[in-house]
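All remarks here apply to the structure that follows.
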Amino acid sequence: MTETATATVSRQEAQHPAGKAYFSVNDIHAYYGESYIVQGVNFDVPEGGVTALLGRNGAGKTSTLRTIARAHQPRLVQGEIWLDGMAVHKMRDFQAARAGIQLVPEDRRIIPSITVEENLVLAQMTEPVGWPIAKIYDSFPKLAERRNQEAVTLSGGEQQMLAVGRALARDVKLLLLDEPYEGLAPQIVKEIEKIVEQVKNMGITTIIVEQNAVAALELADRAIILDMGEVVYTGPAKEVLDDEELRRDYLAI
């Protein structure tokens, strides 16, 4: 592994004031019930671009995303989360969403029994709103074509587009994508990759958790690798692609 493959950040470095980075996670510890899942995670994310949050199954990736989004589970017991100077760790889930943290979970959380457009309108019923629906349709023409279809009738890739569209319909400062390629055919994965590329080109700060590590790294600017609930690497995504030892030891690829 190269010397720039940075190990976990020291406790002293983690105690920085708001404003050091656009988004910061400082020494967070979280539990699912009695299970200690997130064990002192530290990292910074610059504004804009895509950061891949990677690791083996059970490394704590999804738990870290859910902790950032202030989901009810896992339960944050220690640490700080800062977004653009805002103390996210002091917020509840709905407050974090209003502050601009939008989580697109693995199960997408669209409402299947209503239309595409109704899903988008519903997402904008709570202030602050994000993109106008017309702009979402411009970015995702397939959603425009299917605006009057019930969400349940969409393909897996189209449902993922709708899930991202719902996030963009809210005010987005940080987009969290959890396993966006999960369960999709290779052809549909390519469509979702184009969506993430679009989001990247829009300048929206994005963190992506994905088991398809190579695909995520090829899209990402930076990478963070978790192992057993702790950060073991943070640095350029290209470095992970080029470091066979790092990929073998922590990603099994």
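What's the percent breakdown of Cα-Cα distances in the chain across 10 Å bins, shortest bin first? Here the calculated profile for the chain is 7, 32, 36, 20, 5, 0.
Based on DSSP H runs of at least 4 residues, each adding -39500 (n - 2.57), what is the mean residue ellipticity at 222 nm of the chain after dividing by all its residues, to the nearest 500 deg cm²/dmol? Counting only the DSSP helices, I get -9500 deg cm²/dmol. Partner lysines whose Cα lies under 30 Å from the Cα of residue 190, excluding those fewer than 8 positions away in the same chain, are identified as 61, 135, 142, 173, 200, 238. A cut-off under 9 angstrom between Cβ atoms defines the neighbours of residue 60, and their net charge, with Lys, Arg +1 and Asp, Glu -1, is -1.
Measuring nothing but alpha carbons in region 78-212 and taking Rh as the Kirkwood radius, the Rg to Rh ratio lands at 0.96. Kirkwood's formula applied to the C-alpha pairs of region 121-201 gives a hydrodynamic radius of 13.1 angstrom. Computed over the Cα atoms of region 179-253, pair by distinct pair, the Kirkwood hydrodynamic radius stands at 13.1 angstrom. Between the beta carbons of residue 118 and residue 84, assuming R0 = 45 Å, the FRET efficiency works out to 0.90 to the nearest 0.05. Sorting 173, 61, 238 by the number of Cβ atoms found within 10 Å of their own Cβ, with the fewest placed first, yields 238, 173, 61.
Taking a sphere under 11 Å around the Cβ of residue 249 and counting the other residues whose Cβ falls inside, with K and R at +1 and D and E at -1, yields a net charge of -1. The 3J(HN,Hα) values that the Karplus relation (6.51, -1.76, 1.60; θ = phi - 60°) gives for region 244-251 are, in residue order, 4, 5, 4, 5, 5, 6, 10, 10 Hz. Gly and Pro appear as x. Across region 43-148, counting alpha-carbon atoms alone, Rg and Dmax equal 16.0, 46 Å. Provide, for q = 0.15, 0.27, 0.30, 0.35 Å⁻¹, the log10 of I(q)/I(0) from a solvent-free Debye sum over equal Cα point scatterers in region 211-253. Values returned for q = 0.15, 0.27, 0.30, 0.35 Å⁻¹ are -0.30, -1.02, -1.24, -1.45.
Counting Cα-Cα pairs of region 49-111 in 10 Å increments starting at 0 gives whole-percent bin shares of 19, 52, 27, 1.
When the alpha carbon gyration tensor of region 109-163 is reduced to an equivalent ellipsoid, its three semi-axes come out at 17, 13, 9 angstrom, largest first. Counting only DSSP beta bridges whose two residues both lie in the chain, roughly 60 percent are antiparallel. Each Lys or Arg adds one and each Asp or Glu subtracts one; over the other residues with Cβ under 15 Å from the Cβ of residue 208, this totals -3.
Quick note: the coordinates plus some simple rules give every number you see, no bench work behind them. Since we're looking at a predicted model, the values are computed, not measured. For neighbour counting, all protein chains shown are included, and Cβ atoms are generated from backbone atoms with ideal geometry for every residue, glycine included.
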